[in-house]
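Novice: Here it is: the structure, laid out below.
The values are calculated or read from the model by the stated rules, or taken from the named source; none is laboratory data. Source: prediction; values computed, not measured. Here the Cβ is made from the backbone with ideal geometry for all residues, glycine too, and neighbour counts use every protein chain on show.
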Amino acid sequence: MQTRTLGNSDIQVVPLMLGGNVFGWTVDAERSFEILDAFVDRGFNFIDTADVYSKWVPGHQGGESETILGEWFRHSGKRDKVVLATKVGMDLGDGKKGLSKRYILEAVEASLKRLQTDHIDLYQSHVDDADTAFDETLEAYAILIDQGKVRQIGASNYKGDRLAAVLETSELKKLPPYVTLQPEYNLYDRQDYETSLARVAAKFGLGVIPYFSLASGFLTGKYKTKEDSKGANREARVAKYFDERGEKILKTLDEVAQQTGAAQASIALAWLLAQPTITAPIASATSTKQLESLFAAVDLKLDQEALDKLTEASAY
């Protein structure tokens with residue numbers, strides 16, 4: 001199976017990242033194990049989670065997704081088959097947030113314990129922290145890399161100017177650089193990434209692993225109308241896509257699906273994979289059946305006419 005290098009690192013990943021946000025939220029431990037087994041047994045290796053998943057659920061504290069992954073590693077023995085990514089920095093309550101050296105060194109131990117592993121392959125700053133100096137954050141990561149607890153580091157939810165500044169700081173002070181960027185990017189949500197972040201990613205050779213790559217399910221064609229999204233886990237988010245542009249995107253996805261025989265989800269992911277700087281889109285699944293359209297995206301090569309149609313339909 002084809003692989004791509006993860007930014008300026010020696011890590012090879014199959015270009016599809018499984019989102020772990022659903023583990024312990026919309027998918028229980030047993031179903032999570034089934035999905036994880038199916039994903040890895042098909043030769044895929046890149047899995048994303050975060051310490052804050054799924055704090056937004058009533059009664060949850062955060063760490064639920066990492067805990068399920070840790071149990072799966074213990075039961076399956078497949079930790080060495082996975083490039084594991086998690087994140088730090090989002091507010092967990094009780095002052096547990098941010099990118100200070102003290103907090104990162106504390107938070108990583110909690111994540112390692114939940115994940116039942118001795119190292120994290122890609123440790124990401126989940127959100128920019130304007131209250132902490134870049135070099136302080138990077139020094140914390142340098143310690144973890146020296147200790148073997150972290151292999152590489154990445155950034156998520158940074159603005160273009162701040163991302164460029166932190167990467168320049170790592171060069172200037174000879175501190176570990178971010179090798180990846182995790183932004184919101186999909187056929188609908190294009191503008192922020194393409195007008196600000198893409199040039200920074202290209203300049204510094206970042207591997208880009210976009211989240212919401214299927215726009216919370218909107219781009220799969222699962223929801224035909226705004227009414228269909230009622231009761232969805234992200235109802236408000238999905239509903240916002242049903243404007244004139246969003247409906248034009250869905251119509252074009254349907255046309256390309258009829259021409260190629262591929263699922264709309266596969267097509268939306270294949271369009272992302274064809275974009276410059278994109279390494280591996282992130283997509284979640286709540287069943288092994290849903291994985292099939294994700295798997296198919298990796299081998300789906302859309303012709304230039306189809307790519308152009310999708311790009312034109314989603315123009316902003």
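Novice: Here's a check for you: in segment 212-233, which residue that is modelled with pLDDT under 95, closer than 23 Å to Gly24 by Cβ and not polar (S, T, N, Q) is surrounded by the most Cβ atoms within 10 Å (Cβ to Cβ)?
Specialist: Among them, the one singled out is Gly217.
Novice: Can I ask one more? Do we have Gly20 as within 17 Å of the chain's Cα centre (by Cα) and of a type in the set (Gly, Ala, Ser) here?
Specialist: Against the criterion (within 17 Å of the chain's Cα centre (by Cα) and of a type in the set (Gly, Ala, Ser)), Gly20 qualifies.
Novice: Scan segment 69-76 and tell me whether some residue there is surrounded by 19 or more Cβ atoms within 10 Å (Cβ to Cβ), within 15 Å of the chain's Cα centre (by Cα) and within 23 Å of Ala280 (Cα to Cα).
Specialist: The answer is no; no qualifying residue exists.
Novice: Return yes or no: is Thr169 assigned to a helix (DSSP H, G or I), β-branched (Val, Ile, Thr) and without any contact (Cβ under 8 Å) to a residue 12 or more places away in the chain?
Specialist: Considered against the rule, which asks whether it is assigned to a helix (DSSP H, G or I), β-branched (Val, Ile, Thr) and without any contact (Cβ under 8 Å) to a residue 12 or more places away in the chain, Thr169 comes out as no.
Novice: Just one of the numbered conditions (1) buried (at least 17 other Cβ atoms within 10 Å of the Cβ); (2) not in a loop (DSSP other than H, G, I, E, B) is not true of Ser9; which one?
Specialist: If we test Ser9 against (1) buried (at least 17 other Cβ atoms within 10 Å of the Cβ); (2) not in a loop (DSSP other than H, G, I, E, B), just (2) comes out false.
Novice: So, one more: What pairs come out if I take residues in segment 104-130 that are in a loop (DSSP other than H, G, I, E, B) and pair them with residues that are among the β-branched types (Val, Ile, Thr) whose C-beta lies under 8 Å away, six or more apart or interchain?
Specialist: Pairs that qualify, where the first residue is in a loop (DSSP other than H, G, I, E, B) and the partner is among the β-branched types (Val, Ile, Thr), are His119/Val150; His126/Val52; His126/Val88; Asp129/Thr137.
Novice: Quick one: which of Glu244, Glu292 is more than 21 Å from Asn21 (Cα to Cα), of a type in the set (Asp, Glu) and either at pLDDT 95 or above or touching a helix residue (DSSP H, G or I) at 6+ places or on another chain (Cβ under 9 Å) (or both)?
Specialist: Among Glu244, Glu292, only Glu244 is more than 21 Å from Asn21 (Cα to Cα), of a type in the set (Asp, Glu) and either at pLDDT 95 or above or touching a helix residue (DSSP H, G or I) at 6+ places or on another chain (Cβ under 9 Å) (or both).
Novice: Search segment 12-66 for residues being hydroxyl-bearing (Ser, Thr, Tyr) and part of a helix (DSSP H, G or I), and hand back the single one that is surrounded by the most Cβ atoms within 10 Å (Cβ to Cβ).
Specialist: Once the filter is applied, the top-ranked residue is Ser65.
Novice: Could you please find all residues in segment 12-43 being of a type outside the set (A, V, I, L, M), closer than 15 Å to Pro210 by Cα and in contact with a Leu (Cβ under 8 Å, 6 or more places away or on another chain)?
Specialist: Of everything in segment 12-43, those that are of a type outside the set (A, V, I, L, M), closer than 15 Å to Pro210 by Cα and in contact with a Leu (Cβ under 8 Å, 6 or more places away or on another chain) turn out to be Pro15, Gly20.
Novice: Here is a follow-up. Which one of these is more than 19 Å from the chain's Cα centre (by Cα) and over 30 Å from Gln2 (Cα atoms): Gly63, Gly89, Gly98?
Specialist: After ruling out the rest, the residue left standing is Gly98.
Novice: Let me ask something else. Just to be sure, is Leu172 of a type in the set (A, V, I, L, M, F, W, C) and loosely packed, with under 15 Cβ neighbours inside 10 Å?
Specialist: yes
Novice: So, one more: Scanning for something in contact (Cβ under 8 Å) with a residue 60 or more places away in the chain, part of a loop (DSSP other than H, G, I, E, B), crowded, with 23+ Cβ neighbours inside 10 Å and not polar (S, T, N, Q), does segment 91-103 turn up at least one residue?
Specialist: Among the residues of segment 91-103, not one is in contact (Cβ under 8 Å) with a residue 60 or more places away in the chain, part of a loop (DSSP other than H, G, I, E, B), crowded, with 23+ Cβ neighbours inside 10 Å and not polar (S, T, N, Q), which makes the answer no.
Novice: Sticking with this structure for a sec: Collect the residues in segment 296-312 that are within 22 Å of the chain's Cα centre (by Cα) and assigned to a loop (DSSP other than H, G, I, E, B), keeping them in residue-number order.
Specialist: The answer is Leu300, Lys301.
Novice: Of the conditions (1) farther than 16 Å from Gly154 by Cβ; (2) modelled with pLDDT of 95 or more, Asp51 satisfies every one except a single condition; which number is it?
Specialist: In the conditions (1) farther than 16 Å from Gly154 by Cβ; (2) modelled with pLDDT of 95 or more, Asp51 misses (1) alone.
Novice: In addition: Starting from residues that are free of Cβ contacts under 8 Å to residues at least 40 places away in the same chain and touching a helix residue (DSSP H, G or I) at 6+ places or on another chain (Cβ under 6 Å), keep the ones in segment 250-273 and report whichever is farthest from Tyr185 (Cα to Cα).
Specialist: Ala257
Novice: Here is a follow-up. What's the total number of residues in segment 207-223 that are more than 15 Å from the chain's Cα centre (by Cα) and either in contact (Cβ under 8 Å) with a residue 12 or more places away in the chain or not in a loop (DSSP other than H, G, I, E, B) (or both)?
Specialist: 5
Novice: Which is under 18 Å from Ala268 (Cβ atoms) and not polar (S, T, N, Q), of Tyr178, Tyr188?
Specialist: Tyr188
Novice: Using the structure shown, decide if Val57 is of a type outside the set (Gly, Ala, Ser) and in contact with a strand residue (DSSP E or B) (Cβ under 7 Å, 6 or more places away or on another chain).
Specialist: For Val57, the condition - of a type outside the set (Gly, Ala, Ser) and in contact with a strand residue (DSSP E or B) (Cβ under 7 Å, 6 or more places away or on another chain) - is not met.
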